[in-house]
1. Determine, from the Cβ-Cβ distance of residue 460 and residue 366 and an R0 of 45 Å, the FRET efficiency 1/(1 + (r/R0)^6), rounded to the nearest 0.05.
2. Over the C-alpha atoms of the range 210-352, what are the Rg and the largest Cα-to-Cα span, Dmax, in Å?
3. Can you sort 370, 490 so the residue with the fewest Cβ neighbours within 10 Å comes first?
4. For the pair residue 71 and residue 316, how long in nm is the line joining their label points, each one 7 Å along Cα→Cβ?
5. When the helix-only estimate is applied to the chain (DSSP H runs of n ≥ 4, each -39,500 (n - 2.57), divided by the residue count), what is the mean residue ellipticity at 222 nm, nearest 500 deg cm²/dmol?
6. Any idea what angle helix 2-18 forms with the longest principal axis of the chain, computed on alpha-carbon atoms, 0 to 90 degrees, nearest 10?
7. Taking the Cα atoms only, what angle lies between the long axis of helix 324-344 and the longest principal axis of the chain, rounded to 10 degrees?
8. Return the whole-Å distance between the Cα centroid of the range 210-236 and the Cα centroid of the range 331-392.
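Read the figures in this text as sums done on the coordinates, not as results from a lab. Note that this is a predicted model, so its numbers are computed, not measured. Please note: Cβ atoms are built from the backbone with ideal geometry, for glycine as well, and neighbour counts cover all protein chains shown.
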């Protein structure tokens, strides 16, 4: 029986999808129209009382007729009922009033015109249900009642003799009027429901389509697509090129979806697909799309690599206690949250919605709001960690009789939240980059670090260098050169005492643009370093083209040095590569003497890590760092790093 029931539901659902659909009304509009229709129905009951009495019908007949009109309103009034049920109640009241009017008027032809007036009225609902109610009442009234009591339904002899024939005529006219209204809805749907650039469905169309699917209890999934770094294409190549890219992406999306799915552009670089079949089907479509994006897009004769972040959600993630309209909005929101999770996890990937993402999103939103006040309220602080020079030694090592000497400092940004405590840069820096707040925060780090290095230089009588990590957002900002020059000017620090670091990942976007910007900075006298070298975009040919002075070996390679094997070979290759190009090398995350010994044997020049120093506030560094160690820092070598963007507090 359950199999038969499922088959019937699927068949019914398929038939319903074939019917023309009017646009779904917003809740506020629907309720306003429904209240007006209910008032009309109630007024008709009162009018029939007066009309029946005027016609000379008995009080009992008149009262019974009025009660028949009022009774269906018991279903139309409760706010807890669905739209369809409430509209069915009010429609039943309206069309029942038509039948009572025909009876009170002894079947006069003019009374039948009332049915067509009611058809126009229930058309305000823009739904099939009211028309179906009207057609059903016409069939019962004109056919059944016309057979049992023809003089109360028809006013001419032919109709009284053949009530079912005339019922068919009347029903055909009612159906024709209904179809006319439905056709006008369909024409209306084609206006304002398509994206003018791509021809895809727009957000309104998507929401209505999804609401209907949810109301029919279909198993559907939503795939939310957001192109990664699309703004860079608009900014660097112009909006015409951006439009070309959107059209190319549209074609690739169309190639991935099936005939029964709905593809929509929500605006900007956002797309969504409603997919029948649930989360598994949505995931398959998403994976096909990501595979399709591996091929570059040709724009103005140049190949452009496009990436996207995708999120999926299906009807199993919904709270069933919501209305159909709210459930559709919730489903779209869940897919959107999953997409943002994919973007914050590194972009160019697909993530399915899971329980807890909503709470995490709310927490992230609260953190973003707090971040906007953190700089003004002085919640940020810069810590400093020493970088040591393996080429200079002093007596008194922790092991082996030798101690590496400090050559400078790495400055690390810390956020001391008044309620959350210390917040990891991995949590707040992506938010700052997405909101643009990284620009004032990064400028503050530059000013703070250069002032501190200048103060240490004056106190100790020798140059103390510092380096600052630039976020990709900062590097792309046209004002970065001015910000760096002003920080150097205001602090009095010499340019060669400042090193600016960029991560390998920034090279992916546009190598030529990044190289040009780094050259501008280097021309100002500062040094350039590539951070986390070996983790992403490493290439000898690209490294030769970049105006850099230092490469920093990522800690993930250093941590495996003690075990030997491939990690040692890789680190040795990086050191040899840097030496051949005349670059310095800094090994990050040195925590054991075994690691340090291997690095010294491989002729690594500099290192930093817990083995030598932990990050400390400036006042503790200046108080505790031995002067005789610092004095060994050569004047021409800058220190490493202020990192506001990528490092976890160590």
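1. 0.55
2. Calculated on Cα positions, Rg and Dmax stand at 15.4, 53 Å.
3. Ascending number of Cβ neighbours within 10 Å: 490, 370.
4. 4.6 nm
5. -16500 deg cm²/dmol
6. Taking the Cα atoms of the chain, the angle to 2-18 is about 90 degrees.
7. The answer is roughly 10 degrees.
8. 22 Å
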